[in-house]
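Inspection log for the structure reproduced underneath, given as structure tokens.
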Amino acid sequence: KIATKKMLSYAGLPTPHFMELENNVVKGLGFQVAAEKIYSKMQLPLVVKAPTQGSTIGISFVHRKEDFISALELAYRYDRTALVEQFIEGREITASVLGNEKPMALPLIEIVTKTGVYDYEAKYTAGLSEHIIPPRISREQQEVIKDLAVQAFKALGGRGLGRVDFMLDPQGNPFILEVNTIPGMTATSLFPDAARAAGIEFPELIDRILKLALES
């Protein structure tokens with residue numbers, strides 16, 4: 001996740017402001033001193049992530065200063081480095097990308113959860129999240145997000161398939177959260193839903209992915 005954020009920033013693509021905090025550095029400074037350094041450069045609310053994990057494992061949403069240290073401790077249970085990111089309030093949109101030299105973005109999906117957070121439980125429990133296709137945004141915004149998704153996929157050297165996750169703030173500005181190079185393929189997953197919306201049923205989708213892999 002950290003390498004992805006750096007590459008997105010280098011490519012000039014919009015991604016929330018972030019910092020990385022190594023566990024040994026934080027222990028040397030002291031958790032409270034490290035927290036104050038973050039507060040001097042970033043404003044609440046924040047998102048603290050374990051950067052090598054997936055499915056929102058090791059992630060915390062920090063709305064109060066007193067919760068920041070426990071969020072770091074959770075991230076350090078999984079990784080030696082924590083990714084601290086500015087929280088973006090708004091709509092959660094995901095763009096699935098398919099292809100090699102000429103990747104294309106599949107129909108976008110807006111994610112709405114019953115819990116308000118698209119966490120591990122919401123991702124893998126049927127009925128806890130709703131996939132809205134097309135998302136409740138203008139066609140112009142959809143095209144902007146699709147274009148950004150393809151740019152991000154190319155910037156990271158993506159091939160075959162990927163999923164680019166966005167937050168759309170209240171002013172309509174899209175921010176790339178991350179690029180998932182091995183998107184889920186379960187009954188509740190986003191990528192198969194996006195493919196189906198494009199007229200690609202699951203058996204054909206798998207066939208296309210295999211053919212793209214052989215091209216590589």
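Entry remark, region 86-108: residues being farther than 21 Å from residue 5 by Cβ, part of a loop (DSSP other than H, G, I, E, B) and among the small types (Gly, Ala, Ser) number 0 in total. Residues in region 60-71 that are among the hydrophobic types (A, V, I, L, M, F, W, C) and either surrounded by fewer than 21 Cβ atoms within 10 Å (Cβ to Cβ) or touching a Ser or Thr at 6+ places or on another chain (Cβ under 7 Å) (or both): 61, 69, 71. In region 61-68, the condition of being outside the structural domain of residue 138 (by TED's automatic domain parsing), within 18 Å of the chain's Cα centre (by Cα), modelled with pLDDT under 95 and within 27 Å of residue 190 (Cβ to Cβ) is met by at least one residue. Counting only helices (runs of 4 or more DSSP H) wholly contained in region 1-74, the ones carrying 2 or more residues that are of a type outside the set (A, V, I, L, M, F, W, C) and closer than 25 Å to residue 165 by Cβ occupy 2-10.
Residue 177 satisfies every condition listed in (1) in contact (Cβ under 8 Å) with a residue 60 or more places away in the chain; (2) part of a loop (DSSP other than H, G, I, E, B); (3) within 27 Å of residue 12 (Cβ to Cβ) except (2). Checking the stated criteria, residue 57 turns out not to satisfy the condition of being over 28 Å from residue 158 (Cα atoms), touching a residue at least 12 places away in the same chain (Cβ under 8 Å), in contact with a helix residue (DSSP H, G or I) (Cβ under 9 Å, 6 or more places away or on another chain) and hydrophobic (A, V, I, L, M, F, W, C). Filtered by the rule that a residue be under 15 Å from residue 80 (Cα atoms), surrounded by 20 or more Cβ atoms within 10 Å (Cβ to Cβ) and not charged (D, E, K, R), region 35-52 gives 48, 50, 51. In region 109-132, is there at least one residue being under 20 Å from residue 172 (Cβ atoms), at pLDDT 95 or above and in a loop (DSSP other than H, G, I, E, B)? Within region 109-132 (the criterion being under 20 Å from residue 172 (Cβ atoms), at pLDDT 95 or above and in a loop (DSSP other than H, G, I, E, B)), the answer is no, since none of the residues qualifies. Cβ separations smaller than 7 Å between residues 6+ apart or across chains give no pair from region 142-166 residues that are modelled with pLDDT under 95 to residues that are of a type in the set (Phe, Trp, Tyr) and crowded, with 22+ Cβ neighbours inside 10 Å.
The values are calculated or read from the model by the stated rules, or taken from the named source; none is laboratory data. Bear in mind the structure is a predicted one, so any value in this text is a computation, not a measurement. Here Cβ is always computed from backbone atoms with ideal geometry, including for glycine, and neighbour counts include all displayed protein chains.
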